[in-house]
Amino acid sequence: MAPTAQAQNAPAKKVLRIGVTQEVDSLNPYIAIYLLSTNILRTNYDYLTVFGQKNMAPEGALAESWETSPDKLTWTFHMRHGVKWSDGQELTAKDPAFTFNTMLTNETARTANGSYVANFESVTATDPYTLVIKTKKPQATMLGLDVPIVPEHVYSKMKDIGGEPPMPLVGSGPFTVTEFKADQFVKMVANKSYWRGAPKVDEVDFIYYKNSDASVQALRNGEVDLVNKLSATQFDVLKNEPNVTLNNAKDRRFNELVINPGATTSSGEAIGNGNPALKDVALRRAIAQAIDTKTLTQKVYGEYALPGDGSYVPPVFSDFHWTPAPAQSHQFNPTAANAALDAAGYKRGSDGIRLDHSGKPLNLRLLTHSEKPQEQQGAPYIRGWLHDIGINVTIQPLSDNKINEATTAGQFDLTYSGWSSSPDPDNILSLQTCSARPNAQGKGGTPDTFMCDKAYDDLYAQQLAEFDRAKRIDIVKQMQSRLYDNAVNVMLYYDDSLEAYRKDKFASFATQPDPGGTITYQQGYWGYYGAVPAGEGGASNASSQDSGSNTGLILGVIGGVVVIAAVAGVVVARRRKSTADERE
């Protein structure tokens, strides 16, 4: 049948195709914590307030204004009128009330973002446009609640609040997830009735590749429009591509080596099979002191990263960034590390490998993400440095989800990990608290290292209630000092965000912060929302857009990954923690 004149004259669909290498752990915001998953979900669901595009300062979103009581225990948020869910139903104060109350009453719903509501006394929708949150103690993070607001009329009908929501997702953000195929693609369509205005693109497709080399090749071939998480080598190679624009931004991430100090549940029950010798802080400190983060950074990233200096807060957030005093530091010093192990009684065997206190050789497993060339390149250096102090290391490359399953169960000795910080560091600080540990079923918490330290927890409570910024910064730095002394992790490096896009397909993107910020994996949705297709003119303006790129999901094989246009509902196994790329 010949196409109609109307079909022939219809404008081509404008699609932004993004090549990604990380898997999706879940599309349920109550439990999703992978960086890719949260990036997709923060584009699908809006928030009470968001971190702004220009300077990352909190600004209104679903809540357009707010006030607090003199004692700072009662917060009243005034909801924006006329906001619709993507299925046409009105978004009211009942939706955030449902979102938060579900977290207060259901342990599973607290898995990803439970720290934000731990201090809540009550949450009430007093009328369709007024939300009242009462806290037990003053809470300094009330304008930075990084909790996606879900639709009550959808989630209240789910039998399992930790299960996968029905497709298409019902959202309130600039784009809505309509299709998902695990390890293949996620398709999002523009929310034309989005309250900020419709995006310039009609669709955003996240297309999965098994490794970054495949995604880079897809960019060069014009099969995708935007890629991220590039290695230094890939970034430099793309400098010679005539149709590619590069973006090098200081990122809000840190990359670390986690040392299993003896994983336990929230009730203190031991889990996993971590080497029991690592419960000794003297051994953990010696491991930290044996790793040359400056050389590692230079070998893996060159000029595109800063060596880890001990701070749990990335240097891009300079106010909260901390470095240890010389007397406290356990930076690279293999001579001192060897002396410390000698003093702690770890004698060397005939093969040069030290013995633990039970007489067993110190053999440790190092888990690496097989999809990340940076880790495959860096792990042999770590193995060599630890061998120099008498510790044998076996490198075990695994997929994102396999590592996630292993670390969730405490089945590791050493593992690469990394997290992204918000402008307010509260959430990443919470990852080290005792309450962040999961229950026996792996639910209800999201720890980083399984550390449980009362002094650290006391400081965490103090910073959360402190509204004087200077005093709060001092407390946060004390927390980082305490974490550093426990030596449950080693800050390896703070890498730049290396991104590239096809300038023949897109004129510009909204970066955060602006200028000099990232396009992808923002603390918001500005990058995709502010995408301007080539030929449309003007700079990206994430606050006012109207419709807007090239081809849709491709049927066939691209860069070694099968991409299928039709999709059935897929249930992704619940995962509590990612050591690949985490959540803000």
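Scanning the range 485-496 for residues that are open to solvent by 20 Å² or more (accessible area, probe 1.4 Å) and over 9 Å from R284 (Cα atoms) yields one hit, D485.
Considering R354, R383, the condition of being basic (K, R), modelled with pLDDT of 95 or more, closer than 21 Å to D292 by Cβ and buried (at least 22 other Cβ atoms within 10 Å of the Cβ) is satisfied by R354 alone.
Quick test for you: out of S435, S422, pick the one residue that is surrounded by fewer than 20 Cβ atoms within 10 Å (Cβ to Cβ) and touching a Lys or Arg at 6+ places or on another chain (Cβ under 8 Å).
Values: S435 fails: touching a Lys or Arg at 6+ places or on another chain (Cβ under 8 Å).
Matching residue, one of S435, S422: S422.
The set of residues from the range 312-350 being touching a strand residue (DSSP E or B) at 6+ places or on another chain (Cβ under 8 Å) and open to solvent by 80 Å² or more (accessible area, probe 1.4 Å) comprises K347, R348. With respect to V316, determine if the residue is modelled with pLDDT under 95 and under 21 Å from the mean Cα position of the chain (by Cα). Taking the combined requirement at face value, the residue satisfies it. The residues of the range 218-234 that are in a helix (DSSP H, G or I) and either open to solvent by 20 Å² or more (accessible area, probe 1.4 Å) or of a type in the set (F, W, Y) (or both), listed by number, are R220, T233.
How many residues are open to solvent by less than 10 Å² (accessible area, probe 1.4 Å) and not in a loop (DSSP other than H, G, I, E, B) when one looks only at the range 136-163? Adding up the residues that qualify gives 1. Only one entry of G262, G268 meets the criterion of being open to solvent by 10 Å² or more (accessible area, probe 1.4 Å), assigned to a loop (DSSP other than H, G, I, E, B) and touching a helix residue (DSSP H, G or I) at 6+ places or on another chain (Cβ under 8 Å), and that entry is G262. Checking the stated criteria, D95 turns out not to satisfy the condition of being at pLDDT 95 or above, of a type outside the set (G, A, S) and not in a helix (DSSP H, G or I).
For the subset of the range 1-34 comprising residues that are hydroxyl-bearing (S, T, Y) and either modelled with pLDDT of 90 or more or open to solvent by less than 10 Å² (accessible area, probe 1.4 Å) (or both), which member is farthest from T368 (Cα to Cα)?
Step one: filter the range 1-34 for residues hydroxyl-bearing (S, T, Y), giving 4, 21, 26, 30, 34.
Next cut, either modelled with pLDDT of 90 or more or open to solvent by less than 10 Å² (accessible area, probe 1.4 Å) (or both) only: 21, 26, 30, 34.
Values: T21: 15, S26: 21, Y30: 27, Y34: 16 Å.
Selected residue: Y30.
So is Y501 modelled with pLDDT of 50 or more, closer than 15 Å to S420 by Cβ, part of a strand (DSSP E or B) and among the aromatic types (F, W, Y) or not?
No; evaluated as a whole, the condition is false for this residue.
Taking the stated definitions as given, is K443 closer than 30 Å to G345 by Cα and of a type in the set (K, R)? Against the criterion (closer than 30 Å to G345 by Cα and of a type in the set (K, R)), K443 does not qualify. Restricting I475, I395, I403 to residues that are of a type in the set (V, I, T), assigned to a helix (DSSP H, G or I) and farther than 23 Å from I33 by Cβ narrows the list to I475. Checked against (1) under 26 Å from R252 (Cα atoms); (2) open to solvent by less than 20 Å² (accessible area, probe 1.4 Å), N55 passes all but condition (2).
If you check S65, S86 for being at pLDDT 95 or above, crowded, with 16+ Cβ neighbours inside 10 Å, over 30 Å from K250 (Cα atoms) and among the hydroxyl-bearing types (S, T, Y), only one passes: S86.
Among the residues of the range 57-66, is there at least one that is within 30 Å of D183 (Cα to Cα) and either in a strand (DSSP E or B) or not β-branched (V, I, T) (or both)?
Restricting attention to the range 57-66, the residues satisfying the condition of being within 30 Å of D183 (Cα to Cα) are none.
The answer is no; no qualifying residue exists.
State whether one or more residues within the range 42-51 are charged (D, E, K, R), within 30 Å of A218 (Cβ to Cβ) and not in a strand (DSSP E or B). Looking through the range 42-51, at least one residue is charged (D, E, K, R), within 30 Å of A218 (Cβ to Cβ) and not in a strand (DSSP E or B). For the range 173-189, the tally of residues that are in contact with a Phe, Trp or Tyr (Cβ under 6 Å, 6 or more places away or on another chain) and either part of a loop (DSSP other than H, G, I, E, B) or under 18 Å from V83 (Cβ atoms) (or both) stands at 4. Taking every residue in the range 510-522 that is open to solvent by less than 20 Å² (accessible area, probe 1.4 Å) and in a loop (DSSP other than H, G, I, E, B) and pairing it with any residue that is of a type in the set (D, E) and at pLDDT 95 or above, at least 6 positions away or on another chain, the pairs with Cβ-Cβ distances below 9 Å are I519/E499; T520/E499.
Matching residues to (1) of a type in the set (F, W, Y); (2) surrounded by fewer than 17 Cβ atoms within 10 Å (Cβ to Cβ); (3) assigned to a helix (DSSP H, G or I):
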{"residue": "D236", "(1), (2), (3)": "no, yes, yes"}
{"residue": "N248", "(1), (2), (3)": "no, yes, no"}
{"residue": "D251", "(1), (2), (3)": "no, no, no"}
{"residue": "N255", "(1), (2), (3)": "no, no, no"}
{"residue": "V258", "(1), (2), (3)": "no, no, no"}
{"residue": "N273", "(1), (2), (3)": "no, yes, no"}
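Of everything in the range 198-217, what is aliphatic (A, V, I, L, M) and crowded, with 22+ Cβ neighbours inside 10 Å? Give them in sequence order.
Just the residues of the range 198-217 that are aliphatic (A, V, I, L, M), to begin with: 198, 201, 204, 207, 214, 216.
Listed by number, the residues that qualify are V201, V204, I207, V216.
If you check A440 against the conditions, is it at pLDDT below 95, part of a loop (DSSP other than H, G, I, E, B), among the aliphatic types (A, V, I, L, M) and farther than 30 Å from S193 by Cα? Answer is yes for this residue. Scanning the range 152-163 for residues that are within 23 Å of the chain's Cα centre (by Cα) and either on the phi > 0 side of the Ramachandran plot or not small (G, A, S) (or both) gives a single hit, I161. For the range 164-181, taking the residues that are open to solvent by less than 40 Å² (accessible area, probe 1.4 Å) and aliphatic (A, V, I, L, M), the one that is nearest to the chain's Cα centre (by Cα) is identified as V177.
The values are calculated or read from the model by the stated rules, or taken from the named source; none is laboratory data. Predicted model only: the values in this text are computed from it and were never measured. Note that we place each Cβ from the backbone using ideal geometry, even for glycine, and neighbour counts take in every protein chain shown. SASA here: full protein model, heavy atoms, side chains in, ligands and nucleic acids out. Shrake-Rupley method; radii C 1.70, N 1.55, O 1.52, S 1.80 Å.
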